[in-house]
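The values are calculated or read from the model by the stated rules, or taken from the named source; none is laboratory data. Everything numeric here is computed off the predicted structure, so don't read it as measured data. Cβ coordinates were reconstructed from backbone atoms using ideal geometry, including for glycine residues, and neighbour counts include every protein chain displayed. All accessible areas refer to the heavy atoms of the entire protein, side chains included, with ligands and DNA or RNA removed. Shrake-Rupley method; radii C 1.70, N 1.55, O 1.52, S 1.80 Å.
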Amino acid sequence: MTSKTELACVYSALILVDDDVAVTGEKIQTILKASGVEVEPYWPGLFAKALEGVNIKDLITNVGSGVGSAPAGGAAPAAAAASAAAPAAAKKEEKKEEPEEESDDDMGFGLFD
């Protein structure tokens, strides 16, 4: 569960990024003071350190793109390789047989005994 403190620091960092300002602990603390949110002194620095070297705008815009997505130029060969690998993967899945699990009735835990 996310605390109000964490959300306040995240929103402060997003405000700074939106204004094209470097995200630092001092600037996060300034926004938090202006908004009237009291946080433990280590939170702004912790968030600033975690976001150090991260392009937050790219992170936000690429949320739905998935991990390891290729650029548009490399998408066609990847799609061809994926379609060729799909039948092989389906055959492997068919070969796997799962052992039958005992039902609750077999162990004496049935509801209608």
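Among the residues making up the stretch 36-50, those that are open to solvent by less than 70 Å² (accessible area, probe 1.4 Å) and more than 23 Å from the chain's Cα centre (by Cα) are G36, V37, V39. Residues that are assigned to a helix (DSSP H, G or I) and among the charged types (D, E, K, R) were ranked within the stretch 1-29; the one that is least open to solvent (accessible area, probe 1.4 Å) is E6. Report yes if some residue within the stretch 79-102 is open to solvent by less than 60 Å² (accessible area, probe 1.4 Å) and at pLDDT 55 or above; otherwise report no. No, the stretch 79-102 contains no residue that is open to solvent by less than 60 Å² (accessible area, probe 1.4 Å) and at pLDDT 55 or above.
When V54, V63 are checked against the criterion of being of a type outside the set (D, E) and modelled with pLDDT of 80 or more, a single residue qualifies: V54. Note on the stretch 25-45: residues that are in contact with a helix residue (DSSP H, G or I) (Cβ under 9 Å, 6 or more places away or on another chain) and under 16 Å from L14 (Cβ atoms) amount to 12.
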